[in-house]
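Notes to accompany the following structure.
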């Protein structure tokens, strides 16, 4: 009888799953569509407050607190709470900004004097222009810092031909809605999967630039040290370099006051090599991780501390 009950319960749960996913997908689509009708700045403020209110009651808040305490043992509990509040505020704002991705980067290459939400230094512009005009492939990495959806917009705005690795949402209907938004002013989108490294390698061989987020835990990744603790990093970037050697740069979008951002492109990050001169995958990923750690130390309240970066 117990086995029959458990089988029936499992079947009911499996039957309900598609309906639940469809409901969540419909809610996501509706939220994205409705958000576009409201002022983006006011919506970002509102979403920031909502994310803070709800987020502080979720288990991810505890995860974030534990991560921050481990990463910054010198900070007081009050400082940790201030940073964590900023993390939730930033996450909420990203949600609101995502609905307006098709015009959040309002830079116009034909009218460079037009006011923009995005500012960048002369050196960053010089590096971007070099990447665009040198006829060579390159790999550009980013992290979940500030608004991590914006760098791809900048690439297109400046005429940089990019293939961008991204992770699909688990819910198909939400995935379609989100991908439509992402496709407006972004480059070639390559979904994460078994064939993604092949597609990215082919893009580099064609002379395209490949962009990816590299700061999340990967169970079968390579070991690196992040904030003094061992963790695992996705080795795809370094393995691509073994196929096509090319420059590597990091990009970050820092959130400023008054709904503005600063785009920064790092100097070239040199890969590590083994005794034979071949790309050292682990050493190269450590070099990339070191850059990201430096970024996070500067703006800890803008990084996504809410996942288990250390296991």
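None of the figures in this text is laboratory data; all of them are computed from the coordinates on show. Quick caveat: nothing in here was measured; it's all calculated off a predicted structure.
Classify segment 255-311: rounded, prolate or oblate, from the alpha-carbon gyration tensor (a ≥ b ≥ c, eigenvalue square roots; a/c under 1.5 rounded; otherwise prolate if a/b is larger than b/c)?
Since a/c reaches 1.5 but b/c is at least a/b, the shape of segment 255-311 is classed as oblate.
I'd like the projected area of segment 107-302, averaged over all directions, using the convex hull of its alpha carbons. Report it in nm² with one decimal.
12.2 nm²
I'm checking a number: the convex hull volume of the Cα atoms of segment 197-311, normalised per residue, in Å³. What is it?
It is 127 Å³ per residue.
Using only Cα atoms, locate the centre of segment 241-271 and the centre of segment 212-226, then give the distance between them in Å, rounded to an integer.
Cα centroid to Cα centroid, the span is 17 Å.
Between the alpha-carbon centers of segment 63-96 and segment 274-294, tell me the distance in whole angstrom.
28 Å
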